[in-house]
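Structure record follows, encoded as structure tokens.
Only the coordinates and a few stated rules stand behind these numbers; no lab work does. If you're wondering where the values come from, they're calculated on a predicted model, not measured in any experiment. Reconstructed Cβ throughout: ideal geometry from the backbone, glycine too, with neighbour counts over all protein chains shown.
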Amino acid sequence: MWFVEFRKEVQLLAQGRTFDEIKALSAQENIFGASTPARAAMIQSTLTARIKNLDSSFYPLFMDSDTATQKLYALTGSFAQDTLFFDFMYEVVREKMIIGTGVLADADIRIFFKNKQAQDEIVAKWTDQTLQRLGRSYKSQLYEAGLLDDRTRGTERNLLKPILDPALKHWLEDYGYGQIAKALEGIR
């Protein structure tokens with residue numbers, strides 16, 4: 001999820017820096033602490049895409065939020081950029097929260113991807129390794145955002161339903177991200 005780096009970029013934007021200035025800082029000063037210049041460029045590019053998919057009005061709200069809420073803003077950026085990840089959250093995780101099962105199994109992830117492969121010819125061409133890596137990435141991001149427990153062994157993880165900060169919830173609803181709020185809260 002690159003939360004620390006996400007926070008750093010939002011802080012710089014809130015201070016008046018531009019995306020181009022942040023890109024230059026990343027390249028010249030390695031502000032994200034990446035291991036290589038190529039990795040720094042990838043982190044910066046991904047974070048910029050996530051942030052640009054959100055209305056910039058979230059900067060001050062993000063800066064005034066606690067860490068748990070900031071992580072949910074970062075996750076929202078991931079959802080806004082990656083519609084397949086949002087679909088996973090909305091169709092699988094949200095539904096599990098609604099019915100009260102509270103457990104995310106590896107089988108749920110496999111079923112989600114099998115359904116998507118049947119619906120989309122691009123996803124249908126992905127290898128099993130790609131789907132496994134993507135599933136691990138989704139679980140990792142949900143864990144880092146505080147929506148999954150830390151049990152990394154086994155095939156099941158407990159879902160942790162977040163309580164949305166009212167400012168975050170209102171922002172999501174006011175700026176067209178109401179479906180994301182429903183996905184995070186596990187409501188219809």
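The count of lysine pairs in region 82-185 with alpha-carbon distances below 14 Å, taking only pairs 8 or more places apart or on different chains, stands at 6. Near ALA80: Cβ cut-off under 13 Å, other residues only, Lys/Arg at +1 and Asp/Glu at -1. The net charge is -1. Over region 82-185, one equal point on each Cα, no solvent: what is log10 I(q)/I(0) by the Debye formula at q = 0.10, 0.12, 0.15 Å⁻¹? Rounded to two decimals, the profile gives -0.29, -0.42, -0.65. Per-residue ellipticity at 222 nm computed for the chain from its helices equals -19500 deg cm²/dmol, with DSSP H segments shorter than 4 residues left out and the rest contributing -39,500 (n - 2.57).
At the listed q of 0.16, 0.28 Å⁻¹, the Debye profile of region 1-71, built from one uniform point per Cα, gives log10 I(q)/I(0) equal to -0.51, -1.40.
Rg and Dmax, both from the Cα atoms of the chain and both in Å, are 16.9, 50.
Can you give me the relative contact order of the chain as a percent, contacts being Cα pairs under 8 Å and 6 or more apart? Each step should come with its number before you reach the end.
Values: 183 pairs, mean separation 42.7, N = 188.
So the answer I get is 23 percent.
All other residues whose Cβ lies under 12 angstrom from that of LYS169 are scored, Lys and Arg at +1 and Asp and Glu at -1, for a net of -3. Across region 23-97, Cα pairs under 8 Å and at least six residues apart give a relative contact order of 21 percent.
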